[in-house]
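The values are calculated or read from the model by the stated rules, or taken from the named source; none is laboratory data. Keep in mind that what you see is a predicted model, and the values were worked out from it rather than measured. So basically every Cβ, Gly included, is an ideal-geometry build from the backbone, and we count neighbours across all protein chains shown.
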Amino acid sequence: MGVNWAEVYQATYRELVRFLYRKVWDEERAQDLTQEVFVRALRHEPENPRAWLFHVANNLARDEARRAVARRHHLQLLRSESDGEAAANTEVMEQMERSERIQAVREALDQLTERDRDALLLWDAGLSYPEIAQELGLAVGAVGTTLARARQRLVRAYTALEEKHVARG
């Protein structure tokens, strides 16, 4: 019997969007990539649809990251221009502070190895240890240790960035 893709879609769509958002940092793009994952899924009949979907999503996000480097630099330049104009508006200032925190999380995630970052994002997306192990090529018993170390590295990287920001500000 084939996969009931409607059920799989209902059960995993939000998790895939959330996972991809944390890879590409653009909600609309994450939704587009999620749709692409399901389009590709219709051509296959994987044994474990959920793990397969996250595997394809991870690959699409890697491809997207390669294309986004120049685009990200351009957006940062545009943001810095608009930040100066908005300084008088309190609501905008709060949004900027939130954006800075998000940027610090992004930068902290970027400092992790690809395996650590993927382990955290896959875990956050709700994948089981066996699914994470399969996606990352780890033994199931190594997933917990990998996640614990990745969390520690993320906290250290984020703390260092926050301290650096406070020292500048």
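Assorted remarks:
- Members of the stretch 137-160 found to be charged (D, E, K, R) and without any contact (Cβ under 8 Å) to a residue 24 or more places away in the chain, listed by number: ARG156
- Every test in (1) at pLDDT 90 or above; (2) in contact with an Asp or Glu (Cβ under 8 Å, 6 or more places away or on another chain) is passed by GLN35 save one, and that test is (2).
- Per-region count, the stretch 115-136, residues polar (S, T, N, Q) and free of Cβ contacts under 8 Å to residues at least 24 places away in the same chain: 1
- Qualifying positions in the stretch 8-63 - basic (Lys, Arg) and either surrounded by fewer than 18 Cβ atoms within 10 Å (Cβ to Cβ) or out of contact with any Ser or Thr (no Cβ under 7 Å at 6 or more places or on another chain) (or both): ARG14, ARG18, ARG22, LYS23, ARG29, ARG40, ARG43, ARG62
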